[in-house]
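Just so it is clear, none of the values below were taken in a lab; they were calculated from the coordinates. In this text the structure is predicted, and so the values were computed from the model without any measurement. Neighbour counts are summed over all protein chains in view; Cβ atoms, including those assigned to glycine, are modelled from backbone coordinates with ideal geometry.
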Amino acid sequence: MRRTLPLILLLAVMTAASSAQTAVVAGFRASRILNSYPNRQFPPPAYWSGTAKSIAAKFPGSVPGGVWIVSLYISNGTTQFNFPSNGTSLPYVNFISTDQNEAYLKHFDTTGVRVWLQVEPGEANVDTLISVVLSRYKHHPCVIGFGVDVEWYRGNAKLSDSAAQRWDQTVRSIDTAYTLFVKHYGQSWMPPSYRGKVLFVDDSQDFTFSGNPFGAMKSEFASWGAKFSPNGSAFQFGYPADSVWWKAYADPVKTIGDGLLASVPTVRGLFWVDFTIAKLFPVTSLRPEAPFPSSIALRQNYPNPFNPVTTIPFTLRARGWASVTVYDLLGRPVARPAEGVMEAGDHAVPFDGAALGSGTYLYRLTAGAESVTRTMLLMK
């Protein structure tokens, strides 16, 4: 019995470790794109942990967690971290004066929520971003890895095998238990052959082209999973472009999640996006506030719909650098009507969509640590 007991314990530990590595993480994608939330207030820590647990409860055996975005792409190759520089200066990287992550990660540490810390890198050196982020937050048990949104990597450049391998090794050199994920909607943007320990994330959206949009989603995601098998795959869904069909389900999160689990054997992550999460999981603990923050205000373009010229009005409360960028529904920048140091006050920027096709577009105002996004409709 003395000889067999240690063996039994060892097997139990190995089994538990294996289960932890293969468990599905179910929950949210969270970013500080504030127009996704009521009163443009980022929800408190308890909202995110409660939402993650509510989502995970729909899929027995899953772990509550998600994608926690720590940098957003601004423009001209620059990404902005949502924490201070502590004296560090990096090419193509901006910082803000306060740490917007620490209180949330501390809360997740004690509530069993697990997160990947994700960046939108632009032209910044990804190896450096990995080091900066994980060195700052690696003491948090809730952190399980690092993510790169490749749609925002060097002008939507395709990811090479050598870069993917280097990032994977850099992440795991900080903690061997960490996982790197890379994300895109197109398989051809992923590394051609390198797999390592990488998790592959698909954030495809707008399946309304199909008479059976949910079937089209499952087919797209099943193809993604098969392409990168035996590595794990994860999926972001719940985008506004697809709400026309998923809002008809009594429980969209469970219906879509169950469908993906049945269609993709290698699912390791199910993430409902922040753009619509408050519609399904209402935020109830916000302070009453004015519709806009004190620093910036982005208003509806006029005319809207338009063909092909419209005006984008916005207000800056203080002098500083700001930009207005137009994106398609896949999140790709298609125009930048304004950028530079601007004076405080009201502004109106013309936008000419003559080179674009008809459809819905997003336009984002960014100034300092704030960003606001609205939609507009080009009809030709």
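Angle, helix 4-22 long axis vs. longest principal axis of the chain, Cα atoms, 0 to 90°, nearest 10?
20 degrees
Choose one answer from 211, 238, 359: the residue with the largest mean-square fluctuation in a GNM of the chain with alpha-carbon springs under 10 Å.
Its mean-square fluctuation being the largest, the pick is 211.
If you line up the long axis of helix 126-137 against the longest principal axis of the chain, both from Cα atoms, how many degrees apart are they, to the nearest 10?
Taking Cα atoms only, the helix is inclined about 70 degrees.
With a 10 Å Cβ neighbour count serving as the proxy for reagent exposure, in which order, fewest first, do 319, 29 appear?
319, 29
Can you list, bin by bin at 10 Å, the percent of alpha carbon pairs in segment 182-307, starting at 0?
11, 35, 27, 19, 8, 0
Can you pull the percent of Cα pairs in segment 137-214 with separation above 23 Å?
Above the 23 Å cut-off, segment 137-214 has 30 percent of its Cα pairs.
How much of the calculated P(r) for segment 296-378 lies past 15 Å, in percent of all Cα pairs?
Looking at segment 296-378, the distances longer than 15 Å represent 51 percent of pairs.
Could you give me the radius of gyration and the Dmax of segment 221-369, taking only the C-alpha atoms into account and expressing both in angstrom?
19.6, 55
For segment 191-291, which trypsin sites (Lys or Arg not before Pro) are both in a DSSP coil and crowded by at most 13 other Cβ atoms within 10 Å?
When the trypsin sites (Lys or Arg not before Pro) of segment 191-291 are filtered for loop state and at most 13 Cβ neighbours within 10 Å, 247 remain.
Return an integer: the convex hull volume of the alpha-carbon atoms of the chain, in Å³ per residue.
Once divided by residue count, the hull of the chain is 157 Å³.
Rounding to the nearest 10 and keeping the result within 0 to 90°, find how far the Cα-based axis of helix 45-56 lies from the longest principal axis of the chain.
60 degrees
Hey, what D do you get for segment 87-156 in µm²/s if you plug the Kirkwood alpha-carbon radius into Stokes-Einstein at 37 °C and 0.692 mPa s?
The calculation lands on 250 µm²/s.
If you take the Cα atoms of segment 36-109, find Rg, then find the Kirkwood Rh from the mean of 1/r over all pairs, what is Rg/Rh?
1.06
For the chain, modelled as a Gaussian network with Cα springs under 10 Å, which listed residue fluctuates most, 72, 356, 180?
356
Compute the whole-percent fraction of alpha carbon pairs in segment 15-170 spaced more than 25 Å apart.
Every Cα pair in segment 15-170 considered, those over 25 Å come to 32 percent.
Considering the dipole of segment 22-280 built from charges on the beta carbon (Lys and Arg +1, Asp and Glu -1) around the Cα centre, which of 64, 128, 150 is farthest to its positive end?
Toward the positive end, the furthest listed residue is 64.
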